[in-house]
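This report refers to the structure that appears directly beneath it.
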Amino acid sequence: MTQIRINLGGIVPFSTIDWRGKASMVIFLRGCPFRCLYCQNHDLLEGDNYVEMQEIEEDINKNEDFIDAVVISGGEPFMQPGAIEAIAEYAKTRSLFVGVQTNGFYPEAIESMLRKELIDKIFLDIKAPLSDKKLYAKLTKVPGVEERVKKTLGTCVRAKIELEVQTTVFKHLAGAEEVKRIAKELEEAGAAHCPYVIQQGRVELVPSGEIKEKDVFSHEELKELAAIAYHAASLKEVRIRTREEGEEVIYII
Ligand code: SF4
């Protein structure tokens with residue numbers, strides 16, 4: 001039994017939307033170095049809710065007959081590398097796949113975990129073009145993070161880990177020009193084969209006052225953004241995720 005305490009944000013025992021094609025248990029870890037303008041998990045950014053690893057193990061045991069995978073999310077889960085490692089190690093003993101959703105801020109921790117072969121898939125948030133320092137700092141409220149995200153992307157590509165990249169879009173923040181540039185950057189980084197998901201930002205989940213309903217792209221507009229990304233670079237697969245229709249593949253080779 002692993003003696004480690006985990007600052008837990010919460011657990012979703014069963015999800016079919018966090019890892020396409022797999023039934024997952026999603027474990028949210030508390031804490032994040034970013035303060036994104038449109039954070040939908042802002043209640044997880046701070047605070048303490050430490051639990052023993054044994055509690056997580058018991059939750060996994062309860063669900064293991066119904067799930068294929070454990071997805072570790074946040075917050076930013078790599079802020080607690082020991083927790084990720086303990087959860088991933090335990091999930092592996094139960095023959096479950098392990099996925100981690102990350103903002104890419106901790107390339108060294110990610111590389112170290114990938115070397116241990118405890119992670120099967122990385123879901124990487126790329127919030128703005130990696131060449132746009134100013135926009136990255138505006139969206140995350142932390143200067144100079146884009147270099148670290150770029151390093152994470154390179155690490156994942158070199159490790160040949162299954163990778164999915166996601167961008168949340170809002171009008172006047174990240175839209176057509178940004179997804180086009182990100183698509184090109186993915187191609188340049190050798191990640192054109194990875195699914196690229198353009199996610200509709202949802203105003204009802206964002207801290208009040210930061211973003212308005214008029215900033216939300218419609219379903220049709222998201223499809224246009226997918227077309228722009230797809231035609232800007234030779235991406236293999238572009239999807240959109242909307243409140244109305246869930247996740248859809250728009251382009252696939
Ligand atoms: S990286 Fe994710 S969890 Fe952290 S502030 Fe941004 S949106 Fe919220």
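Considering region 63-108 alone, what residues qualify as being among the hydroxyl-bearing types (Ser, Thr, Tyr) and in contact (Cβ under 8 Å) with a residue 40 or more places away in the chain?
So the first thing to find is which residues in region 63-108 are among the hydroxyl-bearing types (Ser, Thr, Tyr), and the list is 73, 90, 93, 95, 102, 106.
Passing the criteria: Ser73, Tyr90, Thr102, Tyr106.
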task = With the checklist (1) in a helix (DSSP H, G or I); (2) over 29 Å from His219 (Cα atoms) in hand, flag the one item Leu118 doesn't pass.
result = (1)
message = Taking the conditions exactly as written (β-branched (Val, Ile, Thr) and under 15 Å from Val12 (Cβ atoms)), does Val51 satisfy them or not?
response = no
Entirely in region 1-75, the strands (runs of 3 or more DSSP E) that have 3 or more residues that are within 16 Å of the ligand (Cβ to nearest atom) = 5-15, 24-29, 69-73
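Somewhere in region 46-53, is a residue within 26 Å of Arg241 (Cβ to Cβ) and among the polar types (S, T, N, Q)?
Taking region 46-53 as the starting set, the residues that turn out to be within 26 Å of Arg241 (Cβ to Cβ) are none.
No, because not a single residue in region 46-53 is within 26 Å of Arg241 (Cβ to Cβ) and among the polar types (S, T, N, Q).
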note = Reported set for region 68-121 where residues are in contact with a Pro (Cβ under 8 Å, 6 or more places away or on another chain) and within 13 Å of Ile27 (Cβ to Cβ) is Ala83, Ile84, Val100, Gln101
query = Just one of the numbered conditions (1) closer than 15 Å to Phe78 by Cα; (2) touching a strand residue (DSSP E or B) at 6+ places or on another chain (Cβ under 9 Å); (3) within 15 Å of the ligand (Cβ to nearest atom); (4) not charged (D, E, K, R) is not true of Leu139; which one?
reply = (1)
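Identify the residue in region 89-115 that is assigned to a helix (DSSP H, G or I) and of a type in the set (Ser, Thr, Tyr) and, among all such residues, is surrounded by the most Cβ atoms within 10 Å (Cβ to Cβ). Break it down into steps so the answer makes sense when it comes.
Start the filter on region 89-115 by keeping residues that are assigned to a helix (DSSP H, G or I), which leaves 89-93, 107-115.
Add one more test, that the residue is of a type in the set (Ser, Thr, Tyr), and what stays is 90, 93, 112.
Numbers: Tyr90: 20, Thr93: 9, Ser112: 15.
Among them, the one singled out is Tyr90.
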task = Tell me, please, whether a residue that is buried (at least 20 other Cβ atoms within 10 Å of the Cβ), modelled with pLDDT of 95 or more and over 30 Å from Val203 (Cβ atoms) can be found in region 71-84.
result = yes
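Which one is nearest to the ligand (Cβ to nearest atom) among residues in region 91-108 that are under 15 Å from Val145 (Cα atoms) and under 16 Å from the mean Cα position of the chain (by Cα)?
Step one: filter region 91-108 for residues under 15 Å from Val145 (Cα atoms), giving 102-108.
Of the ones still in play, those that are also under 16 Å from the mean Cα position of the chain (by Cα) are 102-107.
Values: Thr102: 8, Asn103: 4, Gly104: 9, Phe105: 8, Tyr106: 11, Pro107: 15 Å.
Across region 91-108, the extreme among qualifying residues is Asn103.
The values are calculated or read from the model by the stated rules, or taken from the named source; none is laboratory data. Here the structure is a predicted model, which is why all the values come from computation and not from measurement. With ideal geometry, Cβ positions are generated from the backbone for all residues, glycine too; neighbour counts draw on all protein chains shown.
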